[in-house]
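What follows draws every value from the coordinates through simple rules; no lab data is involved. Fair warning: this is a prediction, and the values are worked out from it, not measured in the lab. Cβ atoms come from the backbone with ideal geometry, glycine included; neighbour counts cover every protein chain shown.
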Amino acid sequence: MPPLIQPFRAIRPTARSAPDVAARPYDVVTAAEAREQVQGKPWSFLHVSRAEIDCPPGTDPYDSAVYAAAAQAFARMQAEGVLVREDSPALYAYRMTAGSHVQTGVAAAASIEAYECNRIRRHELTRPDKERDRTRQIAAVGAHTGPVLVAHPPSEAVTNALAAATTTTPIADATTVDGTRHQVWAITEAAAIEHLVGAFEAMPAIYIADGHHRSAAAARLVREGGAPAVDARFLIVSFPADELRVLDYNRVVRDLASLSVDALLDRIAETFAVAPAPAACRPEKRGSFTMFLNGGWYRLELRQPPSPDLPARERLDVSLLSEYLLTPVLGIGDPRTDPRIDFVGGGRGLVGLEERVRSGDAAVAFALYPTAFADVIAVADAGDVMPPKSTWFEPKLADGLLSLPLAP
């Protein structure tokens with residue numbers, strides 16, 4: 001089996017162009033937000049990752065013309081020298097700073113074989129349409145342009161190597177519209193690369209935190225013959241697990257399943273202790289939830305805590321909310337496919353939940369306590385999968401600062 005991580009010849013912006021290129025990930029920016037963010041920024045990577053913004057209004061984001069536009073934008077950025085290809089393989093130190101929070105990881109080409117045999121462990125199922133979309137995107141541009149955020153067990157060897165690598169001037173230093181600063185350093189010395197590769201080889205497993213569709217698409221592309229099997233790799237940035245920041249991932253439901261507000265509250269009260277809240281509020285602990293309904297907030301707490309003997313997946317708050325409220329009371333089926341439920345990342349705050357309800361787009365919203373990453377590891381190690389949209393990681397990696405070409 002090839003090494004878990006390998007150096008690669010990145011396509012990356014020049015130090016001068018990095019601030020103009022760096023963009024929020026494609027899947028956290030709506031098309032409308034992307035169009036607004038590229039105003040006056042012809043080199044924003046959103047022209048590659050959300051290429052429908054450069055197509056006629058109303059174009060289906062899965063139309064072949066969108067993938068062609070992405071390929072053209074990526075090629076144009078290289079032809080104009082905005083993006084350059086490294087002469088030799090390297091690993092990279094990647095640091096994100098969001099306010100007082102700092103996390104520093106290793107950007108590398110990860111082995112798809114290790115992914116397929118579960119040494120790079122996943123914890124979510126993927127949606128076929130989104131997996132297919134990313135597969136077509138990678139094939140169209142000829143590169144993995146969206147890095148997968150991965151977590152590894154804390155390692156003194158890795159931490160020390162990154163500390164040494166980040167003492168010089170970074171090759172990229174950019175701040176995305178959310179205020180997150182992204183810095184990248186190239187690690188080119190053979191001994192330093194060998195040291196980091198060896199440190200990861202000593203790890204029994206690493207864990208996908210954010211980017212399941214991108215990693216699944218990379219594996220699918222190899223299986224379908226769209227990428228060379230000899231170069232079966234995908235792009236990751238791996239951070240120590242204890243540096244990741246996990247936020248809540250909340251739910252909104254479009255209707256009350258023909259129940260009145262009072263009837264809904266009565267049904268919920270059969271399983272939860274329900275108390276009105278004087279203002280917007282977050283859950284204070286596991287097993288508790290808050291709800292925005294009919295212009296007001298409520299606190300919900302399970303009357304009967306889950307048994308500690310349950311599998312790790314079934315003890316998760318996202319599972320408990322589905323089992324005791326969303327399914328039996330509101331009739332939500334498979335959250336992966338049920339059109340009546342949607343998900344709001346914790347980065348949008350409680351205001352984001354209120355806006356969805358006040359606008360009429362949803363009838364009720366639920367805020368959850370953040371899932372601990374230790375729970376993610378427990379589920380993945382058990383060979384199980386998390387319910388959809390269980391974790392929201394902030395800060396997010398930037399698109400465009402590092403791309404892994406399919407051609408060696």
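Just a few scattered comments:
- Label-to-label distance, nm, for residues given as Arg358 and Asn294 (7 Å Cα→Cβ offset): 1.9
- DSSP-loop chymotrypsin sites (Phe, Trp or Tyr not before Pro) across the range 304-408, with at most 14 other Cβ within 10 angstrom: none
- For the pair Arg16 and Ser307, the difference between a 0.36 nm per residue extended length and the Cα-Cα distance amounts to 99.2 nm.
- Angle in degrees between helix 156-165 and the longest Cα principal axis of the chain, rounded to the nearest 10: 60
- Label-to-label distance for Gln78 and Ala65 is 2.5 nm, based on points extended 7 Å past Cα in the beta-carbon direction.
- Simple Cβ-charge dipole of the chain, Lys/Arg +1 and Asp/Glu -1, about Cα centre, in debye nearest 20: 340
- In this structure, the amide hydrogen of Tyr92, modeled 1.01 Å from its nitrogen in the peptide plane, lies closer than 5 angstrom to those of Ala107, Ile187, counting only residues at least 5 positions away or on a different chain.
- Fraction of beta bridges assigned by DSSP in the chain that are antiparallel (%, nearest 5): 90
- Taking the Cα centre of the range 326-395 as reference, the dipole from Cβ charges on Lys and Arg (+1) and Asp and Glu (-1) amounts to some 220 debye.
- A DSSP coil position with no more than 16 other Cβ atoms inside 10 Å describes the following trypsin sites (Lys or Arg not before Pro) in the range 325-355: Arg336.
- 10 Å beta-carbon shell around Glu33, net charge (K/R +1, D/E -1): +2
- Each Lys and Arg adds +1 at its Cβ and each Asp and Glu adds -1 at its Cβ; summed about the Cα centre, the range 249-369 shows a dipole of about 280 debye.
- Our coupling estimate for the range 370-381, obtained by passing each phi through the Karplus curve with A = 6.51, B = -1.76, C = 1.60 and θ = phi - 60°, is x, 6, 6, 5, 4, 5, 4, 5, 4, 5, 5, 5 Hz, Gly and Pro reported as x.
- Note on the range 249-369: Cα Rg divided by 2.2 N^0.38 Å, N the number of residues, gives 0.98.
- Taking 7 Å steps out from each Cα toward its Cβ at Asp266 and Ala191 produces label points 7.7 nm apart.
- Listed residue (Val379, Pro7, Pro335) projecting farthest to the positive dipole end of the chain, Cβ model: Pro7
- Residues listed by number, the range 343-359, amide nitrogen under 18 Å from Ala257 label point at 7 Å toward C-beta: 343
- For the range 31-80, the square roots of the Cα gyration tensor eigenvalues, ordered a ≥ b ≥ c, give a/c of at least 1.5 with a/b no greater than b/c, which places it in the oblate category.
- Phi-based couplings in Hz for the range 18-33 (Karplus 6.51, -1.76, 1.60; Gly and Pro marked x): 3, x, 7, 8, 4, 9, 4, x, 4, 8, 10, 10, 6, 4, 5, 5
- The slack between Asp242 and Glu33, meaning 0.36 nm per residue of separation minus the straight C-alpha distance, is 72.1 nm.
- Rg to Rh, two decimals, where the range 26-133 supplies the alpha carbon set and Rh follows Kirkwood: 1.01
- Per-residue HN-Hα couplings for the range 89-98 [Karplus 6.51, -1.76, 1.60; θ = phi - 60°; Hz; x = Gly/Pro]: x, 8, 9, 9, 8, 10, 10, 10, 10, 10
- Calculated on alpha-carbon atoms, Rg and Dmax of the chain in Å: 21.9, 67
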